[in-house]
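This report refers to the structure that appears directly beneath it.
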Amino acid sequence: MVVKYLFFECPGNPSPFRGIMNIMKNEGKNDVSLEFRAVTKRFGVVSAVRDLRLSIRAGEIYGLIGPNGSGKTTTVKMAAGLYHPTAGSVRVRGTDMTLSPSKAKQFIGYIPDDPAAYDRLSGREFLEFVGEIRSMDRRERDRRIEALLGEFGIADMANGAFGTYSRGSKQKISIIAALLHSPQVLLVDEPMVGLDPESARVTLRLFSEFAHQGGAILLSTHSLPMAEKICNRFGMLKNGKLIAEGTPKELSVLVGHAGTLEDSYLALAGGA
């Protein structure tokens with residue numbers, strides 16, 4: 001396997017953010033990075049996800065949308081290896097998450113819907129801990145931590161205890177932790193909760209740059225205007241089933257009228 005490292009700078013930031021993405025040489029952006037193969041997840045007699053079949057390519061931001069209880073968070077947690085499918089398989093860069101979880105998780109960065117860390121650690125200490133778990137070189141880990149803290153302007157705040165942070169500040173640390181080891185697949189569950197407009201803009205830029213460098217993103221959200229700005233394709237879940245998939249334009253064609261993503265969502269969900 002031949003690996004190349006891609007470096008880039010973020011416009012407007014006096015300190016260059018040199019992200020390192022492990023992109024396989026000679027692999028194009030149509031390669032599948034995350035795949036659900038006939039995945040079903042049941043909790044007792046309740047089927048949270050049913051026969052889910054979808055794939056996300058390298059360089060793609062895939063928006064997962066749907067009503068509350070449609071199976072979005074369950075889907076993301078299966079991709080992260082937190083839930084095991086009742087049937088079917090989840091593959092990350094071709095690796096079965098159930099059969100080889102340690103290998104599959106090496107490729108993944110995960111931003112949960114509720115950011116959590118050790119309350120008595122500082123944000124910086126928590127990020128150092130994450131870097132150790134990921135077996136990062138310490139110099140590279142520290143460089144990445146400083147670069148990403150600088151993106152959000154929270155280098156000083158990161159010295160305080162995590163338990164004292166606001167919801168938005170905890171979310172920023174969670175985003176940084178997910179990006180720290182330069183994953184190839186990013187799993188995101190409602191990333192903008194608690195973020196101020198400036199931080200939300202930084203987050204969207206980091207996501208866009210991540211995909212531009214060849215990363216794949218599965219993004220679950222109810223924020224349809226935000227998702228419409230950055231996602232290439234969407235999958236609509238309803239009662240655990242994938243009922244529609246495509247670009248915003250393709251979804252408009254499917255429902256039979258031109259409009260926004262929200263218009264298509266309401267038509268598919270059965271709203272007014």
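The values are calculated or read from the model by the stated rules, or taken from the named source; none is laboratory data. For clarity, every value in this text was computed on a predicted model and none was experimentally measured. Note that each Cβ is placed from the backbone with ideal geometry, even for glycine, and that neighbours are counted across all protein chains shown. Only protein heavy atoms, including side chains, enter the accessible area calculation; ligands, DNA and RNA are left aside. Shrake-Rupley method; radii C 1.70, N 1.55, O 1.52, S 1.80 Å.
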Which ones in the range 113-125 are in a helix (DSSP H, G or I), in contact (Cβ under 8 Å) with a residue 40 or more places away in the chain and open to solvent by 30 Å² or more (accessible area, probe 1.4 Å)? none
Of GLU146, GLU132, GLU128, which residue is acidic (Asp, Glu), out of contact with any helix residue (DSSP H, G or I) (no Cβ under 6 Å at 6 or more places or on another chain), open to solvent by 40 Å² or more (accessible area, probe 1.4 Å) and farther than 23 Å from LEU82 by Cα? GLU146
Subset of the range 212-247 that is assigned to a helix (DSSP H, G or I) and touching a strand residue (DSSP E or B) at 6+ places or on another chain (Cβ under 6 Å) - its residue that is farthest from LEU266 (Cα to Cα): ILE230
Tell me which of these ALA155 doesn't satisfy, since it passes every other one: (1) part of a loop (DSSP other than H, G, I, E, B); (2) out of contact with any helix residue (DSSP H, G or I) (no Cβ under 7 Å at 6 or more places or on another chain); (3) free of Cβ contacts under 8 Å to residues at least 12 places away in the same chain. (2)
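One line per residue, one yes/no per condition, for (1) modelled with pLDDT of 95 or more; (2) open to solvent by less than 20 Å² (accessible area, probe 1.4 Å); (3) of a type in the set (A, V, I, L, M):
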position	(1), (2), (3)
PRO183	yes, yes, no
ALA216	yes, yes, yes
THR221	no, yes, no
MET236	yes, yes, yes
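What's the total number of residues in the range 67-93 that are on the phi > 0 side of the Ramachandran plot and modelled with pLDDT of 95 or more?
As a first pass, look at the range 67-93 and keep what is on the phi > 0 side of the Ramachandran plot: 69, 71, 81, 88, 93.
Pick out the ones that are also modelled with pLDDT of 95 or more and you get 71, 81, 88, 93.
Qualifying residue count, the range 67-93: 4.
Restricting to the range 61-92, name every residue that is part of a helix (DSSP H, G or I) and within 25 Å of GLU209 (Cβ to Cβ). First the steps, then the outcome.
Taking the range 61-92 first, the residues part of a helix (DSSP H, G or I) are 72-80.
Matches in the range 61-92: LYS72, THR75, VAL76, ALA79, ALA80.
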Looking at the range 185-203, which of its residues are surrounded by fewer than 17 Cβ atoms within 10 Å (Cβ to Cβ) and part of a helix (DSSP H, G or I)? PRO197, GLU198, ARG201
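Is it true that some residue in the range 102-112 is assigned to a helix (DSSP H, G or I) and surrounded by 17 or more Cβ atoms within 10 Å (Cβ to Cβ)? Outline the logic, then answer.
First, the residues of the range 102-112 that are assigned to a helix (DSSP H, G or I): 102-105.
Among the residues that remain, those that are also surrounded by 17 or more Cβ atoms within 10 Å (Cβ to Cβ) are: 104-105.
Scanning the range 102-112, I find at least one residue that is assigned to a helix (DSSP H, G or I) and surrounded by 17 or more Cβ atoms within 10 Å (Cβ to Cβ), so the answer is yes.
Can you tell me which residues in the range 198-208 are under 13 Å from the mean Cα position of the chain (by Cα) and not aromatic (Phe, Trp, Tyr)? Before you say what the answer is, go through the steps one by one.
Step one: filter the range 198-208 for residues under 13 Å from the mean Cα position of the chain (by Cα), giving 203-204, 206-208.
Of everything in the range 198-208, those that are under 13 Å from the mean Cα position of the chain (by Cα) and not aromatic (Phe, Trp, Tyr) turn out to be THR203, LEU204, LEU206, SER208.
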Check whether at least one residue in the range 117-124 is closer than 19 Å to ASP189 by Cα and at pLDDT below 95, and report yes or no. yes
Subset of the range 1-60 (residues that are under 26 Å from THR203 (Cα atoms), open to solvent by 90 Å² or more (accessible area, probe 1.4 Å) and modelled with pLDDT of 50 or more): ASN30
